[in-house]
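Comments concern the structure below.
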Amino acid sequence: PLPSTTTTTVLTAPPLPSTTTTTVLTAPPLPSTTTTTVLTAPPLPSTTTTVLTAPTLPPIVMTTMLTAPSLTPSTTTATTTTATSATVSVDPLTLTSGVTIPTNLSTGSGVTLSGIISSAKSVISKVIIGVYATDGTGLRLTGTSVAPNTKTYDLHNADAALHFETLPAGSYVYMVYASNAANDLLVLDKQRFTVGGTAPAQTDKLTLSSGTVVPASIVQGTPVIVRGTVTSYVSPIRSVTVGIYDAAGTRLTGASAAPFAMYYDIHALDALVTFNTLLPGSYTYRVYASNSGNTMALLTEQRFTVTAPSTSGMTYINDILVVNKTYSLPSSYAPGGLLPEVDQAFQRMASAAKGQGYSIWVCSGYRSYDYQANLYNRYCATYGQAAADTFSARPGHSEHQTGMAIDVNYASDRFLGTPEAAWLAANCVRYGFIIRYPEGKQHITGFKYEPWHIRYLGVEKAAAVYETGLTLEEYLGIDSVYR
């Protein structure tokens, strides 16, 4: 032990290029103090450590500059201290004038967002503002993410996306994150708060906004897009059901979801609510939702009818809709997709093929009148009309417009001679299809051999045509010629 003294050693030597030694001594009043000197210099062969002990050492910050061509063991001093390092970003992100969330909000109370995020050098690439659950799930109950790509961003722009008023009683944390070139999701604000009180059941309402408006009458085969946002004002949405019901109240098509969120976009169920599969008749479209205060609340109810497609301008022979170069469809005929019966038959066939090691898929199904017009015109521009007429139908003369014709797999000569082509030719009749344009029959059908093009007739009619070995034109006693 040394007497109560403080010893400082300063070493000076001839100049050493870019050598800096910094000694930082920090100690509160202690019976003993440990001091650290950090030397930055070229690699040294060895160092010597000296520990100084004193009863009281006032806070000292001392910088000593050592310059020398080389350091020997006798010129090296190291002391030990305790220090806290801080990392300063070269491209800092800051939040100023931010909103102060009350530590306790009344149920149903809103908060107006404010605050300016600034980036010193690079643009702000991402901002996340949200209110999160504190129950360990980390679930964001309300909020949004934006990509400003500017050097400043006003949080008030995101105000409409944060709904404090919908939060049920409980504990939450308000968070603001931001990213730029030097920082990834840096936390700029974090405020814990509670929502107090229990909302009466009647205020825990559910609403549907921007919902689908179903036409009062739709043609069979016409799809309708399901859309709309279900909102719960106090407790999370427990369930949403979207469906189409018959007169007896039986749901014919539709689906349910369990969002456990304050909002739910019912477009997520669109593919499961199939208006185009409905047969002619009367139906009701309904949307139900549940939360803590409501069970299967009816949010919309719309009655509508489905009518059979008009047969005006269409030709049926032996109860078979005929479309070829002689017989056409009106531009108004638009089932909107493969007819449900056709689609179901194809799925059964594809499944059977898969079970036997073959892969059959839809390359081209339904085509509208306008789509076929654009396709045919492109082929004419590329190959000339004479060539295009051998493999592409003019608008109104395409079987694809019926919703009963499918091109499978590659829909090109690439399909010729494949195992799938052989399987399709031998088995498609079992599921109600025929190869519509057989080999060597172009002078009758008007189109080149297309082993990938199948036409649905139904199992009974397809079998009758198949067993004769004739084309559909030959079977019905008609021609196929543009006039």
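The values are calculated or read from the model by the stated rules, or taken from the named source; none is laboratory data. Predicted model, so just to flag it, every value in this text is computed and none were measured. All Cβ positions, glycine included, derive from the backbone under ideal geometry; neighbour counts span all protein chains shown. Surface areas here come from the heavy atoms of the whole protein model, side chains and all, with no ligands, DNA or RNA. Shrake-Rupley method; radii C 1.70, N 1.55, O 1.52, S 1.80 Å.
Modelled this way, with points 7 Å down the Cα-to-C-beta line, the labels at Asp479 and Trp361 are 4.2 nm from one another. For the peptides 109-122, 236-249, the ranking by packing is 236-249, 109-122, with the highest mean count of neighbouring Cβ atoms within 10 Å listed first.
Bridgeable aspartates and glutamates around Lys354 (alpha carbons under 19 Å apart, same-chain partners fewer than 8 residues away excluded): Asp343, Asp407, Glu420.
In nm, to one decimal, how far is the Thr390 label point from the Ser332 one, both placed 7 Å along Cα→Cβ? That separation, rounded to one decimal, is 3.8 nm. Where in segment 168-194 does the label zone of Ala133 land, with the point 7 angstrom along Cα→C-beta and an amide N cut-off under 15 Å? Counting backbone N atoms under 15 Å from the label point, the list is 168-173. Other residues with beta-carbon under 12 Å from the beta-carbon of Thr142 carry, at +1 per Lys or Arg and -1 per Asp or Glu, a net charge of -1.
Lys and Arg at +1, Asp and Glu at -1: add these up for the other residues within a Cβ distance under 14 Å of Glu460 and post the number. Mind showing how you got there, number by number?
Details: positive: Arg430, Lys461; negative: Asp319, Glu341, Glu467.
Summing Lys and Arg as +1 and Asp and Glu as -1 gives -1.
Go through 379-386, 148-155 and give me the packing order, highest mean Cβ count within 10 Å leading.
Values: 379-386: 12.1, 148-155: 16.4.
Ranked by mean Cβ neighbours within 10 Å, highest first: 148-155, 379-386.
So, counting K/R as plus one and D/E as minus one, what does the shell of residues with Cβ under 15 Å around Ala381 add up to? Please list the in-between numbers first.
Working: positive: Arg378, Arg394; negative: Asp389.
Summing Lys and Arg as +1 and Asp and Glu as -1 gives +1.
One decimal place: the segment Ser292-Ser210 gains 27.2 nm when fully extended, by the rule 0.36 nm per residue minus the C-alpha distance.
For segment 188-316, evaluate the Debye formula with one uniform point scatterer on each Cα (no solvent term) and list log10 I(q)/I(0) at q = 0.14 Å⁻¹, rounded to two decimals. With one equal scatterer per Cα and no solvent, log10 I(q)/I(0) is -0.67.
Working with all protein chains in place, sort Glu474, Glu460, Glu420, Glu439 by solvent-accessible area computed with a 1.4 Å probe, largest first.
Working: Glu474 60, Glu460 160, Glu420 40, Glu439 135 Å².
The ordering from most to least exposed comes out as Glu460, Glu439, Glu474, Glu420.
On the protein heavy atoms, probe 1.4 angstrom, tell me the percent of accessible surface of segment 105-256 carried by carbon and sulfur. Could the numbers behind the result be given before it?
Working: 3580 of 6840 Å².
Whole-percent figure for carbon plus sulfur exposure: 52.
Bridgeable lysines around Lys441 (alpha carbons under 18 Å apart, same-chain partners fewer than 8 residues away excluded): Lys325.
Could you look at segment 310-361 and say what percent of its accessible area is carbon and sulfur, using a 1.4 Å probe and all protein chains?
Working: 1150 of 2660 Å².
In segment 310-361, the share of accessible area belonging to carbon and sulfur is 43 percent.
Taken one residue at a time, the phi angles of segment 234-248 give Karplus couplings (6.51, -1.76, 1.60, θ = phi - 60°) of 10, 9, x, 6, 8, 8, 9, 10, 10, x, 10, 10, 8, 4, 8 Hz. Gly and Pro are set to x.
Phi angles across segment 359-374 convert, under the Karplus curve 6.51 cos²θ - 1.76 cosθ + 1.60 with θ = phi - 60°, into 3J(HN,Hα) values of 10, 10, 9, 7, 8, 8, x, 5, 10, 6, 4, 5, 4, 5, 4, 5 Hz, Gly and Pro given as x. Spin-label model, Tyr410/Glu341: points 7 Å from Cα along the beta carbon direction are separated by 3.4 nm. If you sort the three axes of the alpha carbon gyration tensor as a ≥ b ≥ c, you get a/c of 1.5 or more for segment 328-419 and a/b no higher than b/c, which makes it oblate.
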